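Have a look at the structure below before the remarks.
Values in this text are rule-based calculations from the coordinates and carry no lab data. Just so we're clear, the structure is a prediction, and the values are computed from it rather than from any experiment. Cβ placement follows ideal geometry from the backbone for every residue including glycine, while neighbour counts extend to all protein chains displayed.
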Amino acid sequence: MVSAIKNKESIVTYPTMEPKKQLKKCPHCNKGLLRNRAKRPLLVKATLFWLPIKRYECSFCYKKTYVYGSVFEDSNNADNNS
C-alpha cells in the first residue's frame, strides 16, 4: 500500500553541515596550536574581567599569548589565510 504525503509539516529537512573548526596557530612560531589555557595575572583579571580575553599556551614553543574572543577559527578562513 502506497501513501502520499499531503502535509508540508511532515517533510523532514536535514540541517546543513557546519564548517569544521580548527585551533588557531601560535603567532610566535606558526607551528604549534593554542590549545592549553594559561593562568592570567591578577592585574589582568581585576581590570579586564569584562573583556573576552583569554591566555593560551602554544603546544610547540610553550610561549603564552592572549586571544580576544574564541580560540577556534573556521576551516574556510584558515584556508584563505594560508
Computed log₁₀ I(q)/I(0) - Debye formula, equal Cα scatterers, no solvent, the stretch 25-81, q 0.18, 0.28 Å⁻¹
-0.65, -1.14
Lys/Arg +1, Asp/Glu -1 at C-beta; the stretch 25-81 dipole; positive extreme among 26, 58, 42
42
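How long is the gain from residue 23 to residue 60 if the chain were fully straight, where each residue apart is worth 0.36 nm and the alpha carbon distance is subtracted?
Working: separation 37, 0.36 × 37 = 13.32 nm, distance 1.33 nm.
Result: 12.0 nm gained on full extension.
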Show me, for the stretch 55-60, the HN-Hα J-couplings you get by feeding each phi into the Karplus relation (A = 6.51, B = -1.76, C = 1.60, θ = phi - 60°), rounded to Hz, glycine and proline as x.
10, 10, 10, 6, 7, 10
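Filter 25/64; 20/64; 31/54 down to the pairs with a C-alpha to C-alpha distance above 18 Å, please. Working shown, then result.
On the way: 25/64 12 Å; 20/64 25 Å; 31/54 20 Å.
20/64; 31/54, as the Cα separations exceed 18 Å there.
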Scan around residue 24 for amide H atoms under 5 Å from its own, H built in the peptide plane at 1.01 Å from N, and keep only partners 5 or more places away or cross-chain.
34, 73
Just add up the charged neighbours of residue 28: K/R +1, D/E -1, any other residue whose Cβ is under 13 Å from the Cβ of residue 28.
+4
